[in-house]
């Protein structure tokens with residue numbers, strides 16, 4: 001009899017995130033390096049970058065094809081290690097299979113958080129980043145999470161599971 005194939009590595013704690021964890025990250029972060037940022041105004045990374053800038057975050061675009069140019073008034077860098085300032089969070093707008101080297105760079109530059117965008121999940125990269133002391137969020141969008149936790153997204157009729165009669169304010 002043959003043994004069944006081993007199940008792929010799946011970290012249960014990455015399937016859902018406590019609102020307090022997400023809120024704490026969004027409150028602590030000031031500078032975000034966005035790997036895979038696009039200069040194309042109709043790409044999700046462009047929308048996310050613009051929104052996060054409007055909420056007071058400094059978002060540094062990282063994209064080797066756009067290096068040296070500007071996206072939303074920020075200089076684009078080819079790699080995380082080229083960014084000349086301290087980065088709190090690395091946000092990944094790349095395919096899941098490309099996250100490993102990004103996690104390595106995030107560790108190398110001393111980032112505190114590795115955040116993988118909606119649809120992006122890499123358990124091995126997450127485990128490596130966590131072992132190095134980074135907090136990791138996968139398959140979530142900080143723009144959506146900010147809007148949900150601040151109540152803004154509720155204005156559109158989306159059930160955020162947060163009830164309040166207070167106006168939305170900065171997380």
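Only the coordinates and a few stated rules stand behind these numbers; no lab work does. Quick caveat, the model's predicted, so the values are computed rather than measured. With ideal geometry, Cβ positions are generated from the backbone for all residues, glycine too; neighbour counts draw on all protein chains shown.
By per-residue mean of other Cβ atoms within 10 Å, what is the highest-first order of 52-61, 30-39? Could the numbers behind the result be given before it?
On the way: 52-61: 18.1, 30-39: 21.8.
Going by the mean number of other Cβ atoms within 10 Å, highest first, we get 30-39, 52-61.
R0 = 22 Å: FRET efficiency of residue 95 with residue 31, Cβ-based, nearest 0.05?
Working: r = 24 Å, r/R0 = 1.10.
Between residue 95 and residue 31 the formula returns 0.35.
What ranking do 68-81, 103-116, 122-135 get when scored by the average of other Cβ atoms within 10 Å per residue, highest first?
In descending order of packing, they fall as 103-116, 122-135, 68-81.
For region 14-142, give me the percentage of DSSP beta bridges that are antiparallel, rounded to the nearest 5 percent.
Numbers: 2 of 19 bridges.
Counting only bridges with both partners in region 14-142, antiparallel ones make up about 10 percent.
What distance in nm separates the two pseudo spin-label positions at residue 43 and residue 65, each 7 Å out from Cα along the beta-carbon direction?
It is 0.6 nm.
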